[in-house]
Amino acid sequence: MNNSVPTAAPAVDPLARFLSSAGLVSLLCYAVVLGLSFQFQYGVGHADRPIPAVLAAFLVAFVGYLVVAKAVVRAPRDRGIQPARLRLILGYALAFRLVLLPSEPIQEIDYFRYLWDGQVLAAGGNPFRYSPEQVERLGPAAPPGSDLAGMWDVANRSETVRTVFDRVHHREVPTIYPPASQVVFAAAAVATPADASLASHALVLKVLLLGFDLGTLAVLIALLRRLRLPATWCVGYAWCPLVMKELSNSAHLDAIAVFFTTVAMYLFASVPRRPASSRGRWLALGGGAFLGLGVLAKSYPLVLGPVVAGLLLARLGWRCVFPLAVCAAVVLVGYAPFYSPKHTDSGNTPVTGLGTFLGRWEMNDFLFMIVHENLRPASAGGVERWFVVTPDARREAVVIGGRAAFARAGFEVSDRQAAFLLAQGVMGLALAGVVVRLAVGTYRRPTRRTFLRAAFLTLGWAWLFTSAANPWYLLWGLPLVVFAGRRAWWLLPGLGLTYYLRFWMEYQTFDRAAAFQEARNLFDFGVVWLEYLPFFVLLAAETWWPRPRRVVARPR
């Protein structure tokens, strides 16, 4: 007789069931986006582009993402079922990305510049040396064998490459993208036959960027485990619809810098407390190297310098100078080949394009817009909008003083440029104040979570203060969103997609110049309030009336 007691069948994990259902809904949303994307053909059918339908699909996916993230973060930590949950999260994360990989980039043309830069570098040229406009204007008559003639030959090496060249926007500006990203672009060019279809060129680039995207996810999981937090918290990055839109669909190069920067954050967070061990110093040096690679992929990681310095000063003492020096050395070595006299005789340098970008680009901004409009007088195109409280005479005096200061420094600028640069200065000082405060806080309490929260907030406020608040810039800090400390920050990746409404509003008035400008103004000075205010209202509410916080892990 068998006296053994039968064991109960294991209970079904309700969170796993919920993840499966939510994942299927999100997958359906991305399948809808895939189908709609093919209506976004370059240069045609602007008024018929289904931008509202695409945004509706992303909205459904984003609401599901927020619900899933809340459920995952609040779920009890049952180690026995964590692996199954993680497999579900990662499986769906990969599926989301693969569904959108063959999609037509939606309202995106930056990748033409990436493809062109890659063709130039792969052919041995310097993409920083000449702008596409210079190549088109001077290339046909350039001396045979010159770099300019070589770039003109590259532009005409195949019908596809010529199409890429013709579609590069802001043609008068040399590339703004740093050397590490250029290497990735060149790898895509080498891996794709010149006469392959344009879709094939874009797909190869997307696959390379997908590798960096998935690498970021892997490093994030390692970081969470280092802090003894559930690896399932990676859902904050893994399932975010903004990642699907801006990487898998739009092929933004930010995936490269985000990967290198996340590796750097992992290595810095792994540095033990003093007294510094040999292992800790090597981790810090590695972090410095990867932070340098991040700067070589896109310049934004520079803003993390003070927070990193605060952590390393607290943990390594005076030895913190070495990883910071390694970071600087990596950046200098990366740029050095492009700074030879031969490569700067055109009047352009590797930072010419970046300087142009910082000196005139304004898009989807809010805080910068408010400051700028309160500095810009009527002589510089200023308008008495309802939120402008500075008298025009005061604005005029400030701009005149600014122009005089720029003139003394050797720069002649117009009233319009002076107002813009002064606004940049104000926002730069505001960001500096935030970063210094976060750096000091990290130094005084150099725990891993304090450091990672400070790093996230640095990148988050950098986006809020910028004049060009493109939604894909929110990817910079997204891997660290679980350390944000305020739920309001989770809203920004969804709110940022409001940016795409501007194009739809413009397209409805393409044939009427006055109405077209009115549509732009309605978005730039009206809709952006609806984009940003929910975030600031919730952030203020959480700051002034904080809820009791659950203890999720001991600071380390």
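The values are calculated or read from the model by the stated rules, or taken from the named source; none is laboratory data. For clarity, every value in this text was computed on a predicted model and none was experimentally measured. Methodologically, a virtual Cβ is constructed for each residue, glycine included, from the backbone with ideal geometry; neighbour enumeration extends over all protein chains shown.
Okay, residues lined up against (1) surrounded by 14 or more Cβ atoms within 10 Å (Cβ to Cβ); (2) assigned to a loop (DSSP other than H, G, I, E, B); (3) within 26 Å of the chain's Cα centre (by Cα); (4) at pLDDT below 95:
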position: 491; (1), (2), (3), (4): yes, no, yes, no
position: 500; (1), (2), (3), (4): yes, no, yes, no
position: 534; (1), (2), (3), (4): yes, no, yes, no
position: 546; (1), (2), (3), (4): no, yes, no, yes
position: 552; (1), (2), (3), (4): yes, yes, no, yes
Open item on the list: Quick check on the stretch 69-87. Is at least one of its residues under 30 Å from residue 486 (Cα atoms) and of a type in the set (S, T, N, Q)?
Closed with: yes
- [ ] Residue by residue through the stretch 307-337, note down the ones that are out of contact with any Gly (no Cβ under 8 Å at 6 or more places or on another chain) and crowded, with 19+ Cβ neighbours inside 10 Å.
- [x] 307, 311, 312, 314, 320
Open item on the list: Can you find, within the stretch 36-64, the residue that is surrounded by the fewest Cβ atoms within 10 Å (Cβ to Cβ) among those that are touching a Ser or Thr at 6+ places or on another chain (Cβ under 7 Å) and not polar (S, T, N, Q)?
Closed with: 64
Open item on the list: Which condition from (1) at pLDDT 95 or above; (2) under 22 Å from residue 170 (Cα atoms) is the one that residue 357 breaks?
Closed with: (1)
TODO: Hey, can you tell me all the residues within the stretch 203-234 that are within 18 Å of the chain's Cα centre (by Cα) and either free of Cβ contacts under 8 Å to residues at least 40 places away in the same chain or at positive phi (or both)?
DONE: 208, 211
TODO: Output the residue which, of all residues in the stretch 65-83 that are of a type in the set (A, V, I, L, M) and surrounded by 14 or more Cβ atoms within 10 Å (Cβ to Cβ), is farthest from residue 42 (Cα to Cα).
DONE: 81
TODO: Return the residue satisfying two criteria in turn: it lies in the stretch 1-32 and is in a loop (DSSP other than H, G, I, E, B) and within 30 Å of residue 62 (Cα to Cα), and of such residues it is modelled with the lowest pLDDT.
DONE: 11
Task: Only one of 34, 55, 66 that is more than 17 Å from residue 217 (Cβ to Cβ), in contact with a Gly (Cβ under 8 Å, 6 or more places away or on another chain) and in contact (Cβ under 8 Å) with a residue 24 or more places away in the chain - done: 66
- [ ] Mind checking which helices (runs of 4 or more DSSP H) fall wholly inside the stretch 114-202 and carry at least 2 residues that are within 28 Å of the chain's Cα centre (by Cα) and of a type in the set (Val, Ile, Thr)?
- [x] 159-166, 179-191
Open item on the list: Step by step: first the residues of the stretch 104-141, then only those that are more than 18 Å from residue 190 (Cβ to Cβ), buried (at least 24 other Cβ atoms within 10 Å of the Cβ) and not aliphatic (A, V, I, L, M), then the one that is modelled with the highest pLDDT. Which residue is that?
Closed with: 132
Task: Unmet requirement for residue 353, which otherwise passes all of (1) surrounded by 19 or more Cβ atoms within 10 Å (Cβ to Cβ); (2) part of a helix (DSSP H, G or I); (3) more than 25 Å from the chain's Cα centre (by Cα) - done: (3)
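Give the stretch 265-296 a look and list any residue that's among the β-branched types (Val, Ile, Thr) and out of contact with any Lys or Arg (no Cβ under 6 Å at 6 or more places or on another chain), or say none. Steps first, please.
So in the stretch 265-296, the residues among the β-branched types (Val, Ile, Thr) come out as 271, 295.
Correct list: 295 only.
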- [ ] Name every residue in the stretch 361-386 that is assigned to a loop (DSSP other than H, G, I, E, B) and either of a type in the set (A, V, I, L, M, F, W, C) or over 17 Å from residue 519 (Cα atoms) (or both), in order of residue number.
- [x] 361, 366, 374, 375, 376, 377, 381, 382, 383, 384, 386
TODO: Starting from the stretch 106-117, keep only residues that are small (Gly, Ala, Ser), then list their pairs with residues that are outside any loop (DSSP other than H, G, I, E, B) and surrounded by fewer than 24 Cβ atoms within 10 Å (Cβ to Cβ) whose Cβ atoms are within a distance under 9 Å, requiring at least 6 positions of separation or different chains.
DONE: none
Task: Pick from the stretch 277-306, criterion more than 25 Å from the chain's Cα centre (by Cα) and free of Cβ contacts under 8 Å to residues at least 24 places away in the same chain, ranking: surrounded by the most Cβ atoms within 10 Å (Cβ to Cβ) - done: 283
